[in-house]
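Following: one structure in structure tokens, then a few remarks.
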Amino acid sequence: MDSVRGQRGIHMLLAAEQEAQEIISNARNTKTARLKQAKDEAEWEAAAYRASLEEDYKRKVSEASGSSGWNVKKLDEETEIKIQRLKDASSKVHGDVISMLLKHVTTV
């Protein structure tokens, strides 16, 4: 009778050990699945963030190059205005300069 009880006890222990191994195996599989899911989500979020940064960079480059073209046009206009002012100023004093040069050459 004791041997039957002992046998029953051993079978119960083996069954409990097998059940514990199944629980641990299921827990490991669940943990692995969760880690994979978390990794996939992190990669997706990183890609989305990278795309957002890339979009911001492209927008800023576009804005900078657009304003750069505007600056070039504005500088060209300002340069033309200054050149015209210099031409006007030189034409006003042109006669006086020629008179001074002629006086200087004829008196020497």
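The values are calculated or read from the model by the stated rules, or taken from the named source; none is laboratory data. Nothing here was measured: the structure is a model prediction, and the numbers come from that model. Note that each Cβ is placed from the backbone with ideal geometry, even for glycine, and that neighbours are counted across all protein chains shown. The accessibility values were calculated without ligands, DNA or RNA, using every heavy atom of the protein model including side chains. Shrake-Rupley method; radii C 1.70, N 1.55, O 1.52, S 1.80 Å.
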Next on the checklist: If you average the C-alpha positions of the stretch 85-108 and of the stretch 4-56 separately, how far apart do those two centres end up, in angstrom?
Outcome noted: 96
Checklist outcome for this item: With residue 62 itself left out, Lys, Arg at +1 and Asp, Glu at -1 over residues whose Cβ is under 14 Å from its Cβ give -1
Checklist outcome for this item: Filtered pair list for the stretch 17-100 (Lys only, Cα < 27 Å, 8 or more apart or interchain) has a length of 10
Item to check | Degrees, to the nearest 10: 2-107 long Cα axis against longest axis of the chain | outcome: 0
Item to check | Rg/Rg_globular for the chain, with Rg_globular taken as 2.2 N^0.38 Å and Rg from C-alpha atoms | outcome: 3.49
Item to check | Top positive-direction residue, dipole computed over the chain with Cβ charges, set 30, 11, 48 | outcome: 48
Next on the checklist: Counting heavy atoms of the protein chains only and a 1.4 Å probe, report the per residue accessible area for the chain as a whole number of Å².
Outcome noted: 95
Checklist outcome for this item: With a 1.4 angstrom probe the carbon and sulfur portion of accessible area for the chain, in percent, totals 60
Next on the checklist: Semi-axes of the equivalent ellipsoid for the stretch 1-61, please: Cα gyration tensor eigenvalues, times 5, square-rooted, ordered largest first, whole Å.
Outcome noted: 58, 4, 4
Checklist entry - Could you give the alpha-carbon Rg of the stretch 37-80 over 2.2 N^0.38 Å, rounded to two decimals? => result 2.05
Item to check | Dipole magnitude (debye, nearest 20) for the chain, charges at Cβ of Lys, Arg, Asp, Glu | outcome: 380
